[in-house]
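Have a look at the structure below before the remarks.
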Amino acid sequence: MTLAELEIEKAKSLQEIADATDAAAVESLRVKYVGRNGSIPALIKGMKDVPPAERPAFGKAIQAWKAEVEAALAGKGAGASTEKAVEADLTIPGRWFHLGAKHPLSRVIEETARIFGHLGFTVADGPELETRFNNFTALNTPPHHPSQDRTDTFWFNDDCLLRTQTSPVQIRTMLANRPPIRVICPGRTFRRDTTDATHSANFHQIEGLYVDTKPVSLADLKSVLAYFAQEMMGSGVKVRFRPHFFPFTEPSVEVDFSCHVCKGKGCRVCKDSGWIEVAGAGMVDPRVFGFVGYDPAQVSGYAFGFGVERIAMIKYGIPDIRWLYENDVRFLEQLA
Ligand code: DAH
């Protein structure tokens, strides 16, 4: 073959590759030109018969042809190139597959549902957009109460607001069911708050409600919360009640857990008090039963409400509430 003939063959081969329309055609052209018995290896083998003076030019032309054919085949996605890469290096690491993990708030909510599930509680749900009746009136919260103020609550109109607490799900649940009732209600809540390390205008709560025709007491509430504290924070964690006021419970308490870090001795997490405030709670006020059509002489019950962020922050040692919302994988991965 002369140099001129080689150029003609080369042009022909490149045209054939360009015209190939499917993988099978590309593969057969690969075999035809650069396969073990292909025409280019045959020419290389035949180099010894080329007159020595012409060899350098001829050799260069063949190598150029081979390179162009291989590039054209690779451009057509010929499988040959991957096979070669694999043959070349079997130690190339596989592709890293990122599985991800549950968000700490979801973990606290799911764990709480699991713990209360053991005690016979089911999960109830309610909307984030609520009525004044469910969020305030039926919870015995009068119109002049500061929480109803326009500066504390996101109102859409006189009757419609973003719920400020999960407590309205108590009302929805009691209106739709008869005692005995045992529910927890996790969900988003909204208040007009300036965001800082411990405040956010949007946060989460888990409400709890137990109503029965058998007498229910504050001791029942305390034992249930003590069980929850141990399951959630670790064995040995104790529960303390402090007197407080909520319009929808009487008596009302604030609930503290003994500090799970220092076991109550006093440390940075509990600000040296040995206790961490986690919830509001109390015995359902008879007036609330009146609003949902229950006879307060026939039923009694307790209710409680936790801040989900608060539990997540003390459980996982998160110092800033904003980290929970920033979607920074460097933070989220640490809790995986
Ligand atoms: N809803 C109250 C709040 O957001 C928390 C609360 C207190 C819920 C007492 C309750 C309760 O169910 O009994 O501050």
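Read-outs: derived from the displayed coordinates by stated rules, not from any lab. Given the structure is predicted, the values throughout are model-derived calculations rather than measurements. Every residue, glycine among them, receives a Cβ derived from its backbone with ideal geometry; neighbour counts consider all protein chains shown.
Within the stretch 220-317, list the trypsin sites (Lys or Arg not before Pro) lying in a DSSP loop whose Cβ has at most 11 other Cβ atoms in a 10 Å radius.
LYS265, ARG268, LYS271
Pairs of alpha-carbon atoms within less than 8 angstrom and 6+ residues apart define the contacts here; what relative contact order does the chain have, in percent?
RCO, the chain: 14 percent.
Taking Cα atoms, how many degrees apart are the long axis of helix 55-75 and the longest axis of the chain, rounded to 10 and kept between 0 and 90?
Taking Cα atoms only, the helix is inclined about 30 degrees.
What distance in nm separates the two pseudo spin-label positions at ALA23 and ILE8, each 7 Å out from Cα along the beta-carbon direction?
3.6
What's the angle, to the nearest 10 degrees (0 to 90), between helix 23-33's Cα axis and the longest principal axis of the chain?
30
Can you give the charge dipole size of the stretch 104-223 about its Cα centre, rounded to the nearest 20 debye, using +1 on the beta carbon of Lys and Arg and -1 on the beta carbon of Asp and Glu?
That gives the stretch 104-223 a dipole magnitude of about 300 debye.
Once phi is turned into ³J(HN,Hα) by the Karplus curve 6.51 cos²θ - 1.76 cosθ + 1.60 with θ = phi - 60°, what whole-Hz value does each residue of the stretch 305-319 show in order, with x for glycine and proline?
Listing the rounded values in order: x, 9, x, 5, 4, 4, 4, 4, 5, 7, 5, 9, x, 8, x Hz.
Give a residue-ordered list of calculated ³J(HN,Hα) values for the stretch 6-15 (Karplus: 6.51 cos²θ - 1.76 cosθ + 1.60, θ = phi - 60°; whole Hz; x for Gly, Pro).
Going residue by residue, I get 4, 4, 5, 4, 4, 4, 5, 5, 5, 5 Hz, with x marking Gly and Pro.
A 18 angstrom limit on the alpha carbon distance is what I want to check against. Which of LYS102/LYS238; LYS222/LYS265; LYS45/LYS66 exceed it?
Working: LYS102/LYS238 28 Å; LYS222/LYS265 22 Å; LYS45/LYS66 14 Å.
Going by Cα-Cα distance, LYS102/LYS238; LYS222/LYS265 fall outside the 18 Å limit.
How about the stretch 236-336: which GluC sites (Glu not before Pro) there are in a DSSP loop, with at most 11 other Cβ atoms within 10 Å of their Cβ? Walk me through the intermediate numbers first.
Values: sites: GLU254, GLU277, GLU309, GLU326, GLU333; in loops: GLU326.
Listed in order of number, the matching sites are GLU326.
Which Cys residues of the chain have no other Cys beta carbon under 4.7 Å away?
Singleton cysteines: CYS160, CYS185.
Whats the longest run of the chain with zero chymotrypsin sites (Phe, Trp or Tyr not before Pro) that are DSSP loop and have at most 14 other Cβ atoms within 10 Å?
98-324
With +1 on each Lys and Arg Cβ and -1 on each Asp and Glu Cβ, how big is the dipole of the chain about its Cα centre, in debye rounded to the nearest 20?
Magnitude of the dipole: close to 800 debye.
In degrees, nearest 10, range 0 to 90: what is the angle between the Cα axis of helix 104-118 and the longest Cα principal axis of the chain?
That helix lies at roughly 50 degrees to the long axis.
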